[in-house]
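The values are calculated or read from the model by the stated rules, or taken from the named source; none is laboratory data. What you see is a predicted model; the values in this text were computed from it and never measured. Here the Cβ is made from the backbone with ideal geometry for all residues, glycine too, and neighbour counts use every protein chain on show. Heads up: the accessible areas ignore ligands, DNA and RNA and are worked out on the full protein's heavy atoms, side chains in. Shrake-Rupley method; radii C 1.70, N 1.55, O 1.52, S 1.80 Å.
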Amino acid sequence: MIDLHYWPTPNGHKITLFLEEAGLPYTIHPVDIGKGEQFRPEFLAIAPNNRMPAIVDHEPAGGGAPLAIFETGAILLYLAEKTGRFLPADLPGRFEAIQWLMWQMGGLGPMAGQNHHFNIYAPEKIPYAQDRYVRETARLYGVLDKRLADRPFVAGEYSIADMAAYPWIVPHEAQGQKLDDFPNLKRWFETIAARPATITAYEKGKAVSSGNQPMSEEQRRVLFGTPAAR
Ligand SMILES: N[C@@H](CCC(=O)N[C@@H](CS)C(=O)NCC(=O)O)C(=O)O
């Protein structure tokens with residue numbers, strides 16, 4: 001059994017996408033990041049960066065003690081290795097998927113995250129920052145669109161690279177993007193959205209929190225004003 005420490009945000013959805021696709025049994029442990037639950041000592045013991053998601057696998061491959069993993073890129077790689085699924089087996093194919101996973105972790109995720117921050121959450125509107133991240137998000141959408149021009153998924157077959165990127169395209173309107181400007185990306189997005197595992201993953205997210213309420217001052221203070229735990 002896998003314990004998933006989770007809140008339904010783009011990074012959280014990446015892991016439920018995988019777990020639902022693979023049919024692995026898991027238990028969701030909500031980490032309400034607006035209430036500061038990511039700073040609880042028991043969560044920090046498995047995720048020292050005070051960011052969710054994180055997993056604990058009570059039956060790691062090869063036996064041994066329960067294994068805790070944080071960082072979604074590492075979690076997706078671990079789950080792919082554990083199940084032998086959603087990561088090509090051949091060396092070139094594997095590294096195609098891994099390099100696009102790293103592209104998401106180092107590019108699309110952080111840039112779209114800053115886009116959300118300056119356009120949705122920041123109490124002070126800074127046009128330079130808003131524009132900078134909308135344009136950088138558009139550039140990254142363009143890179144992905146081009147990549148998808150001659151293949152159905154980022155690394156050929158549906159893989160952890162797609163699962164990492166998809167949840168960051170879901171809020172495209174809030175990011176100031178129009179999918180009609182990126183036709184290959186749009187086709188890819190609609191294909192993944194229609195997968196039964198995607199539908200279930202997002203339904204499970206809604207059961208944990210429906211999101212969408214405006215952020216309170218207290219949530220803003222917790223999320224954007226809390227120093228690292230010592
Ligand atoms: N690079 C990390 C990012 C995780 C992350 O930023 N999680 C956010 C939610 S999407 C979080 O837990 N935020 C809590 C906070 O900012 O205190 C990963 O991929 O796991």
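Just a few scattered comments:
- Total residues in the stretch 114-133, condition crowded, with 19+ Cβ neighbours inside 10 Å and farther than 17 Å from F224 by Cα: 1
Condition check ((1) farther than 30 Å from Q219 by Cβ; (2) away from the ligand (no atom under 16 Å from the Cβ); (3) touching an Asp or Glu at 6+ places or on another chain (Cβ under 6 Å)) across all residues:
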position: E21; (1), (2), (3): yes, yes, no
position: G34; (1), (2), (3): no, no, no
position: F43; (1), (2), (3): no, no, no
position: N50; (1), (2), (3): no, no, no
position: I69; (1), (2), (3): no, no, no
position: G73; (1), (2), (3): no, no, no
position: Y78; (1), (2), (3): yes, no, no
position: T83; (1), (2), (3): yes, yes, no
position: W100; (1), (2), (3): yes, no, no
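- M102 vs. criteria open to solvent by 20 Å² or more (accessible area, probe 1.4 Å) and under 15 Å from A164 (Cβ atoms): yes
- Taken over the stretch 52-66, the criterion of being more than 10 Å from the ligand (Cβ to nearest atom) and of a type outside the set (V, I, T) is satisfied by D57, H58, E59, P60, A61, G62, G63, G64, A65, P66.
- Pairs meeting the criteria (first residue in the stretch 157-169 and free of Cβ contacts under 8 Å to residues at least 60 places away in the same chain, second residue of a type outside the set (G, A, S), beta carbons under 6 Å, at least 6 apart or on different chains) are D162/F153; D162/V154; I169/F189.
- Within the stretch 57-107, the residues that satisfy the criterion of being outside any loop (DSSP other than H, G, I, E, B), more than 22 Å from P8 (Cα to Cα) and among the charged types (D, E, K, R) are E81, K82, R94, E96.
- Here M111 meets each of (1) open to solvent by less than 30 Å² (accessible area, probe 1.4 Å); (2) under 18 Å from T9 (Cα atoms) with one exception, condition (1).
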